[in-house]
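Computed from the coordinates by the stated procedures, all read-outs in this text should not be read as laboratory data. Quick caveat: nothing in here was measured; it's all calculated off a predicted structure. Cβ: placed from backbone, ideal geometry, glycine included. Neighbour counts: every protein chain shown.
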Amino acid sequence: MNCVSTEIRETCLRLLARREHSQKELLNKLLIRGFNKDDILAVIEELALQGWQSDLRYAESYARNRIQKGFGPISVIYGLRQNGVVAANLEDIVQQTAGSWMDHLEQVYTRKYSNDTLMDRNEWSKRSRFLLHRGFSTAMVNALFEHLNIKFI
């Protein structure tokens with residue numbers, strides 16, 4: 001292993017010691033530091049084979065973190081894809097990490113809003129948009145409102 005590869009490896013390990021990183025994140029961070037792309041890819045591949053870097057572990061960690069912050073499945077999956085995780089089973093990974101989406105959605109909703117069951121269309125739209133922007137689907141939001149017995153005035 002040459003001097004540059006050793007420096008790339010040490011930098012990767014320092015980054016991975018702080019938190020999980022996707023291969024794309026490591027690549028981007030090392031490119032910014034001025035390393036050669038081919039050298040970086042070779043080191044990242046080696047680290048992945050040795051188990052130091054794993055996109056699966058990264059996906060689980062990222063999903064857990066985003067779900068704890070109140071984001072829904074659409075947002076979490078989009079974020080994973082933006083960070084270079086292209087596993088075919090992202091939906092399964094996110095689902096296993098979240099558990100019950102309806103419980104999670106209800107927690108996010110009740111943390112932000114009171115339990116008013118009657119509201120006008122503007123308030124209903126505002127609350128729906130909040131949940132949609134958090135990455136929950138329209139079907140999930142409608143199911144939540146039905147579950148909470150929320151009606152229009």
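Lys-Lys pairs in the chain that are eight or more residues apart or on separate chains and whose Cα atoms lie under 27 Å of each other come to 9. Where only DSSP H runs of four or more residues are counted, the chain gives -22000 deg cm²/dmol as its mean residue ellipticity at 222 nm, each run worth -39500 (n - 2.57). By the count of neighbouring beta-carbon atoms within 10 Å, fewest first, R57, R121 end up ordered R121, R57.
Max-minus-min Cα coordinates of the range 63-153 on each principal axis give 45, 21, 19 Å, with the largest extent listed first.
Annotation for the range 75-93 versus the range 119-143: alpha-carbon center distance of 23 Å.
Rounded to the nearest 10 degrees, the angle from helix 55-68 to the longest Cα principal axis of the chain is 30 degrees. If you stretched the chain out fully between A143 and Q96, how much longer would it get, using 0.36 nm times the residue separation minus the C-alpha to C-alpha distance? Stretched out fully, the A143 to Q96 stretch lengthens by 14.9 nm. Applying 0.36 nm per residue to the separation of T110 and K29 and subtracting their alpha-carbon distance, the gain on full extension is 25.3 nm. Using C-alpha pairs below 8 Å separated by at least 6 residues, the relative contact order for the chain is 21 percent. Taken over the Cα atoms of the range 3-53, the convex hull encloses 64 Å³ per residue. In plain terms, the C-alpha convex hull of the range 1-109 casts an average shadow of 7.3 nm² when viewed from every direction.
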